[in-house]
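Colleague: A single structure is presented below for examination.
The values are calculated or read from the model by the stated rules, or taken from the named source; none is laboratory data. These numbers were taken from a predicted model, which means no experiment stands behind them. Cβ coordinates were reconstructed from backbone atoms using ideal geometry, including for glycine residues, and neighbour counts include every protein chain displayed. For the accessible areas, the whole protein counts, side chains as well, though only heavy atoms, and no ligand, DNA or RNA atoms are used. Shrake-Rupley method; radii C 1.70, N 1.55, O 1.52, S 1.80 Å.
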Amino acid sequence: MTTPVCTSASSPAVFPSFSSYVRARGPVLLRTARSLTANPNDAEDLLQTALTKTYVAWERIEDHRALDGYVRRALINTRTSQWRKRKVEEFACDELPEPDPLPAPDPAELEGLRDAMWRAVMRLPPRQRAMVVLRYYEDLSEARTAEVMEVSVGTVKSAVSRALAKLREDPELGLSA
């Protein structure tokens, strides 16, 4: 009488729980997963997904002696689904797709623009000037500006709107199109 070389193949084990199955068969199943993917990390993820599917179906599997086949089929089906759904979102290219950064503005030009803006604001009527300063330089809300100026919110809105129109038309600022 001959003795079988692989004793686990001659008498398949029946696993009482899912965790005992994973402890016993995990390394073998991981090797199978590694044969399906090029990256070891992807193989671990693939095995985890297949084991999750197995865990969900654990109570429905009648023959626990065929669990390896069930998990291998889950591995193959999962890998096939991943391959079919795969979308290439990143790819190598010679040039970076990011636009070139804009050059930093010249500090002298910024200072000149600030001075021109203040001169234009100073040319506004006093009440409009006060409302523009409160709204945009002091960053007050329309309601708070109206409260400080002791006028209605509508008055603030209309006065600021007229003031901004005058600033847009100011020839020194060059904002008009």
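Colleague: Which condition from (1) assigned to a helix (DSSP H, G or I); (2) more than 30 Å from N39 (Cβ to Cβ) is the one that V151 breaks?
Modeller: (1)
Colleague: Kindly indicate whether any position in the stretch 86-96 is under 30 Å from V28 (Cβ atoms) and free of Cβ contacts under 8 Å to residues at least 12 places away in the same chain.
Modeller: Taking the stretch 86-96 first, the residues under 30 Å from V28 (Cβ atoms) are 86.
Checking the rest, the ones that are also free of Cβ contacts under 8 Å to residues at least 12 places away in the same chain come to 86.
Yes: the stretch 86-96 contains one or more residues that are under 30 Å from V28 (Cβ atoms) and free of Cβ contacts under 8 Å to residues at least 12 places away in the same chain.
Colleague: When H64 is evaluated against the numbered criteria (1) in contact with a Phe, Trp or Tyr (Cβ under 8 Å, 6 or more places away or on another chain); (2) without any contact (Cβ under 8 Å) to a residue 12 or more places away in the chain, which criterion, by number, is the only one it fails?
Modeller: In the conditions (1) in contact with a Phe, Trp or Tyr (Cβ under 8 Å, 6 or more places away or on another chain); (2) without any contact (Cβ under 8 Å) to a residue 12 or more places away in the chain, H64 misses (2) alone.
Colleague: Follow-up question, since we're still on this one. Please specify each residue of the stretch 154-171 satisfying the condition of being part of a loop (DSSP other than H, G, I, E, B) and exposed (fewer than 13 other Cβ atoms within 10 Å of the Cβ).
Modeller: From the stretch 154-171, those part of a loop (DSSP other than H, G, I, E, B) are 170-171; that's our starting set.
The answer is P171, and nothing else.
Colleague: Okay, next question. Considering only residues that are within 22 Å of G174 (Cα to Cα) and of a type outside the set (A, V, I, L, M), look in the stretch 96-114 and name the one that is least open to solvent (accessible area, probe 1.4 Å). Quick ask: steps written out before the conclusion?
Modeller: Initial filter on the stretch 96-114 (within 22 Å of G174 (Cα to Cα)): 102-114.
From what's left, of a type outside the set (A, V, I, L, M): 103, 105-107, 109, 111-112, 114.
Details: P103: 113, P105: 85, D106: 72, P107: 94, E109: 130, E111: 90, G112: 36, R114: 123 Å².
So the residue we want is G112.
Colleague: Any residue at all in the stretch 124-139 that is at pLDDT 90 or above, in contact with a Leu (Cβ under 6 Å, 6 or more places away or on another chain) and farther than 30 Å from L36 by Cα?
Modeller: Yes: one or more hits.
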